[in-house]
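Scroll down for the structure; my scribbles are underneath it.
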Amino acid sequence: MTAQTARIGFGDVRELRGPLLVVGDVDGVGWDEFATIDLPDGSVRHGLVLEVDGDLAVLQVLEGTDAISPGGVWVRFSGRPLQVRVGPDWYGRVCNGRGEPLDGGPPIAGEPRPVAGWPLNPTRREPPREAVLTGVSVLDTLTTLVRGQKLPIFSVPGMPHLTLATQIAARATTAGEGFRVVFAGMGLTHADIAYVRDRLEERSAAGELVLLLNAADDPVIERVLTPRIALTVAEHLAFERGDDVLVVMSDMTSYAEAVREVAAARREIPARRGYPGYLYSDLAGLYERCGRIQGRPGSVTVVPVLTMPAGDITHPVPDLTGYITEGQVVLAPEVAARGVYPPVDVLSSLSRLMRSGAGPGRTRDDHLPVAAQVLAALARARQAAELGELVGVSALSETDRAYLAFRETVERDLFAQGTDEGRELADSLDRAWAALDVLPRRELTMLPAAMVAEHLGSP
Amino acid sequence: MELSAGTVRRVNGPLVEVDGLTGVAMLDVVHLGPERIAAEVVGLAGERATLQAYEYTGGLRPGHQVEATGDRLSGLFGPGLLGQAFDGLLRPLSGAPVWLTPDREVGAGDRAWQFEARVSVGDEVVPGTVLAVVPEAGPVEHRVVAPAGVRGRVTWVADGPVTVTEPALRVDDRDVALAERWPLRVPRPFRERLSQVVPLHTGQRVLDLLYPIARGAAAAVPGGFGTGKTLLLQQIAKWSEADVVVYVGCGERGNEMAEVLTELALVPDERTGGRLVDRTVIIANTSNMPMMAREASIHSGIAVAEYFRDMGYDVVVIADSTSRWAEALREFANRTGDLPAEEGYPATLASELAAFYERAGRVVTLGGRTASTTVIGAVSPPGGDMTEPVTTGTQRFIRSLWLLDRDLAYARHYPAVSWNGSFARDADAVGAWHAARGDPAWRSRRATTTALLAEADRLASLAEVIGTSSLPAHERVVLLAGRLLRDAVLQQNALSGNDASCTAAKGAALLGGVLDVVDACQRLVARGVAATTVEETDLADLVRVREEVGPGDAEGVAQRCAEVLARLEELA
Ligand SMILES: Nc1ncnc2c1ncn2[C@@H]1O[C@H](COP(=O)(O)OP(=O)(O)OP(=O)(O)O)[C@@H](O)[C@H]1O
Ligand SMILES: [Mg+2]
């Protein structure tokens, strides 16, 4: 957060409600202005203007209103929206959710930029094209990440989503080059934070990591800001310095809860499950900041991580996220129960940009048909497994039993992998072929006959 | 009353209240503050006006000046629309800066256009007369049509190139320019609505064979995230038989818009000899652009469509997604404190939806040409819940419903159009149209197919309880038929070189062929061949043929089906 030159201040606090502070008798205060709030004990908090009405201004207080009483409070408005200083100084730094150093270093220097950013002209976007190889077989083969994409991980508490997210962050390459990583933690436990720092140690040591951490016991409203700071910093590093930046944001459910808390305090009419109707636009304002720009190097690739309350994918946070992002990677307890890491439920997972990032001239000629065939076969295997549970596996047709055998092979030889293991894409695709060989040839209808002959020989 | 200036009193995001504005009317456009942000009047009470602002209102504060313009929210319609992208208020995006800040300058366009007059001095013109064409506007002939109210004798024609706003001709003493200003929310007039049904070929088999749409009708595509709404709409934008396509990206992804632009520029348009992008107007108000311009974008799209309709074209308007538009309505209504109806949506939701879909139609234009505006809207139900207000409200105003099914999509069956809940109210009339054009079997193929699909679904759930092997042979063949129809006919990969689009002839051959194969299988089991033998016959050739022959190769399909039939005969 930048030091703001304070203009005039106002002290007539009329109301405190939840995270909101209403100050009266103000003049010249604009909507969405950033403000500094001085408390009688000399401490300072920060706020954003949510509404101005005549001489009243309503602020949301980022650190919360705990222990504030109306008397002796002084609100100074900055005359502009909240800004953050951007630049390469961010690399190697660890900050709190408001961007203030936690590592004992000096405040970050650089140009100030508004944290809300500006919409990117869609006609100036470069459609994402280059595959990002993560070394994780199931992702690279079936849900290929593409440079400039937004691809979330949907998980449930207790699943290894941070392991997967950090594995991606540590290993991902595009055209042989690694990524710079901006990690925004929201509502993470201290144990999770320590784990993330440990997993990304190497990137950090190389000065290629930015950490913004809002812990579970940090102020809730501050979380509204954390991803915006992360993305503002990332946009600058990517589009003005030309870096390939991967932004990991976890946990977006905690973020959305902070948004809901503000909305509730404002007594807004909720849409679903108490979340405000604008949650879609709010989340889109974050996720849409990924991408590439024509004629410029650099990219912002976003991997939001969220936990689905009660594993419910129709909950507003995963649902709205899915409506904005370019696919999703879903982790499922059933798959984890079969002992598979990463426990990706491949049928509900999808990378929508894979079609432009994988295939001839990008990865391998057989990549897209192989992925389509593996998925089609898994869909059929799922039906066979459900049927088998009801009527007994021995009552299944030979074809159905072949599908079950296929699923076992593909999970064991292709999907399961070590938490630090990286696999070449060629190796992954060959494993996929080996698994497909378990099926009768007549079942391989998604693959051109010539391709089957080339990889599996004549039957 | 004189137009007046007022002052800002309250700012709450896009909702702005203003004091002292007199002489303004509902839906007038006003300019706010030093950046002159555009806003529309949506409420008036005494001296207090409620405004809906079309840009980010950060920094706007009580006391800032407000200026009335006396105009409605309108756009400039003329040459230069096709092949270009615009924002929700119809301001050019192609050529605008990388970052869209509210203060960006929008030039009126000072390009001079050469035009060929189609009338001479002394000619009588009425609204709808083609006055000129503008050859440089692209391969779709750009016709300058006499606007409503222009009637009389041509008194002057400019002899050189003119900009879109300069006078190009004069009718009596009224100047007519190449471009026309028109309020976005007002439907353009036409002579009469036509009711006979002419199908719009979309190139997507599941639609053309099972759930067709008529020219000038409205259709909706509801589906949870990732079920394939956008891809289906993009396929229609690419391959449908329209003369002009207006693609409205309403609150959706920036990358998708960039991709539509890039891809359409690569595909040649066989109808005009140009590229597909040259018949397309893109309106992009992505999810991170100002929310209220999203609300306007739908109206901008349909106004552009009506403009081309009035030149005599069949136009398709695609809106992805109407739910984001409805959310913008809700967002604003909530801020004004209106009493919400269902799920926070304003009580006016249904009438807003009607106003949009009812602008679809096949008409005789003022100039006497037959033309149409077909409207196709995506609907994004929260949580995939098809009982939510936008989905249910929309169903009342459309003729075709293409319901996308999450299970089909998860099984990678694309397009994931469900045969369970989708409908086409004009299917019978479309059948009659096909019959009149030499394909009387269209109707029976459709009926057989929907019946087989439904029966296969019923048997599949039965088989889950008792096991497939306990079903009688003819029912096992129905299960096989369901699989063949799904895999060999209904699936269509948008990325495929051969199968991304499909002509009516290839579609008919494919469906006819598969139904013949199903009949042959039924005959085999009736003659005592074991169901297992039939099931394990290699029919991969039949499933692959849609991919292996060209988009119009009905012959190739028929030949392949004949080979498969011959092989089946050997089983007997
Ligand atoms: N006809 C098709 N052929 C091939 N792939 C398809 C087809 N339809 C959908 N898909 C796949 O499904 C993905 C999601 O499709 P799409 O983007 O159209 O979904 P959507 O319904 O618009 O989702 P959202 O509501 O989130 O925008 C595509 O990226 C593609 O991978
Ligand atoms: Mg979509």
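The values are calculated or read from the model by the stated rules, or taken from the named source; none is laboratory data. Computed from a predicted structure; not experimentally measured. Using ideal geometry, Cβ is built from the backbone for each residue, glycine included, and neighbour counts are taken over all protein chains shown. Accessible surface is based on the protein model in full, side chains and every heavy atom, while ligands, DNA and RNA are left aside. Shrake-Rupley method; radii C 1.70, N 1.55, O 1.52, S 1.80 Å.
Before moving on, here are some points about what is shown:
- If the condition is being farther than 19 Å from A:Ala337 by Cβ and under 35 Å from the mean Cα position of the chain (by Cα), then region A:387-412 contributes A:Tyr403, A:Ala405, A:Phe406.
- Screening B:Leu453, B:Leu459 for residues that are part of a helix (DSSP H, G or I), touching a Lys or Arg at 6+ places or on another chain (Cβ under 9 Å), under 13 Å from B:Leu515 (Cβ atoms) and open to solvent by less than 50 Å² (accessible area, probe 1.4 Å) leaves exactly one candidate, B:Leu453.
- Scanning region B:20-70 for residues that are part of a strand (DSSP E or B), open to solvent by 30 Å² or more (accessible area, probe 1.4 Å) and either free of Cβ contacts under 8 Å to residues at least 60 places away in the same chain or within 14 Å of chain A (Cβ to nearest Cβ) (or both) yields B:His31, B:Leu44, B:Ala45, B:Arg48, B:Gln65.
- Within region B:353-386, the residues that satisfy the criterion of being part of a loop (DSSP other than H, G, I, E, B), modelled with pLDDT of 95 or more and either within 14 Å of chain A (Cβ to nearest Cβ) or within 16 Å of ligand 1 (Cβ to nearest atom) (or both) are B:Ser380, B:Pro381.
- Checking each residue in region A:161-206 for being surrounded by fewer than 17 Cβ atoms within 10 Å (Cβ to Cβ), over 18 Å from the mean Cα position of the chain (by Cα) and either at pLDDT 95 or above or in a helix (DSSP H, G or I) (or both) picks out A:His190, A:Ala191, A:Ala194, A:Asp198, A:Glu201, A:Glu202, A:Ala205.
Table: residues versus (1) assigned by TED's automatic domain parsing to the domain that holds A:Thr36; (2) open to solvent by 10 Å² or more (accessible area, probe 1.4 Å).
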site	(1), (2)
A:Pro70	yes, yes
A:Val73	yes, no
A:Cys95	no, no
A:Gly99	no, no
A:Gly110	no, yes
A:Pro119	no, yes
A:Ser137	no, no
A:Gln149	no, no
A:Phe154	no, no
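- Test result for A:Thr226, open to solvent by less than 20 Å² (accessible area, probe 1.4 Å), within 14 Å of the chain's Cα centre (by Cα), of a type in the set (S, T, N, Q) and in the same structural domain as A:Gly99 (by TED's automatic domain parsing): yes
- Just one of the numbered conditions (1) within 25 Å of the chain's Cα centre (by Cα); (2) assigned to a helix (DSSP H, G or I); (3) at pLDDT below 95 is not true of A:Ala384: (1).
- Scanning region B:218-253 for residues that are open to solvent by less than 10 Å² (accessible area, probe 1.4 Å) and away from ligand 2 (no atom under 15 Å from the Cβ) gives B:Ala218, B:Ala219, B:Ser240, B:Ala242, B:Val244, B:Val245, B:Val246.
- Single condition B:Asp428 does not satisfy, out of (1) more than 16 Å from ligand 2 (Cβ to nearest atom); (2) touching a residue at least 24 places away in the same chain (Cβ under 8 Å); (3) over 12 Å from B:Ala220 (Cβ atoms); (4) open to solvent by 10 Å² or more (accessible area, probe 1.4 Å): (2)
- Taken across region B:272-286, residues that are assigned to a loop (DSSP other than H, G, I, E, B), buried (at least 23 other Cβ atoms within 10 Å of the Cβ) and within 16 Å of ligand 1 (Cβ to nearest atom) do occur, with at least one present.
- Residue count for region B:409-439 under the criterion of being within 23 Å of B:Ala488 (Cβ to Cβ) and either part of a helix (DSSP H, G or I) or touching a helix residue (DSSP H, G or I) at 6+ places or on another chain (Cβ under 8 Å) (or both): the result is 19.
- Sole exception among (1) within 16 Å of ligand 1 (Cβ to nearest atom); (2) in a loop (DSSP other than H, G, I, E, B); (3) in contact with a strand residue (DSSP E or B) (Cβ under 9 Å, 6 or more places away or on another chain) for B:Pro212, by number: (1)
- Residue within region A:425-441 that is open to solvent by less than 40 Å² (accessible area, probe 1.4 Å), within 39 Å of the chain's Cα centre (by Cα) and within 9 Å of chain B (Cβ to nearest Cβ) present: no
A quick yes/no check of all residues on (1) touching a helix residue (DSSP H, G or I) at 6+ places or on another chain (Cβ under 7 Å); (2) away from every other protein chain (no Cβ under 14 Å); (3) open to solvent by 20 Å² or more (accessible area, probe 1.4 Å):
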| position | (1), (2), (3) |
| --- | --- |
| B:Pro92 | no, no, yes |
| B:Ala96 | no, no, no |
| B:Arg104 | no, no, yes |
| B:Val125 | no, yes, no |
| B:Thr129 | no, yes, yes |
| B:Val133 | no, yes, no |
| B:Ala148 | no, yes, yes |
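- Test: residue in region A:329-340 that is within 8 Å of chain B (Cβ to nearest Cβ) and either closer than 23 Å to B:Ala488 by Cα or in a strand (DSSP E or B) (or both): no
Table: residues versus (1) without any contact (Cβ under 8 Å) to a residue 60 or more places away in the chain; (2) away from ligand 1 (no atom under 16 Å from the Cβ); (3) open to solvent by 10 Å² or more (accessible area, probe 1.4 Å).
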{"residue": "A:Arg338", "(1), (2), (3)": "no, yes, yes"}
{"residue": "A:Arg362", "(1), (2), (3)": "no, no, yes"}
{"residue": "A:Asp366", "(1), (2), (3)": "no, yes, no"}
{"residue": "A:Ala385", "(1), (2), (3)": "yes, yes, yes"}
{"residue": "A:Gly392", "(1), (2), (3)": "yes, yes, yes"}
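- Residue in region B:487-499 that is out of contact with any Phe, Trp or Tyr (no Cβ under 6 Å at 6 or more places or on another chain), of a type in the set (Val, Ile, Thr) and exposed (fewer than 15 other Cβ atoms within 10 Å of the Cβ) present: no
- Of residues in region B:200-209 being open to solvent by 10 Å² or more (accessible area, probe 1.4 Å) and part of a helix (DSSP H, G or I), the one farthest from ligand 2 (Cβ to nearest atom): B:Leu209
- Residue selection: A:Thr65 fails the criterion of being open to solvent by less than 10 Å² (accessible area, probe 1.4 Å) and away from every other protein chain (no Cβ under 11 Å).
- Scanning region B:475-494 for residues that are modelled with pLDDT under 95 and either within 16 Å of ligand 2 (Cβ to nearest atom) or more than 14 Å from every other protein chain (Cβ to nearest Cβ) (or both) yields a single hit, B:Ala494.
- Where B:Ala531 falls short, out of the listed (1) within 18 Å of B:Val478 (Cα to Cα); (2) out of contact with any Leu (no Cβ under 7 Å at 6 or more places or on another chain); (3) at pLDDT 95 or above: (3)
- Only helices (runs of 4 or more DSSP H) whose full extent lies in region B:466-572 are considered here, and the ones with at least 1 residues that are farther than 30 Å from B:Trp239 by Cβ are B:473-484, B:504-526, B:531-535, B:554-571.
- Qualifying residue in region B:25-45 (condition: over 36 Å from the mean Cα position of the chain (by Cα) and of a type in the set (Lys, Arg)): no
- In region A:96-104, the count of residues that are part of a strand (DSSP E or B), acidic (Asp, Glu) and out of contact with any Pro (no Cβ under 8 Å at 6 or more places or on another chain) is zero.
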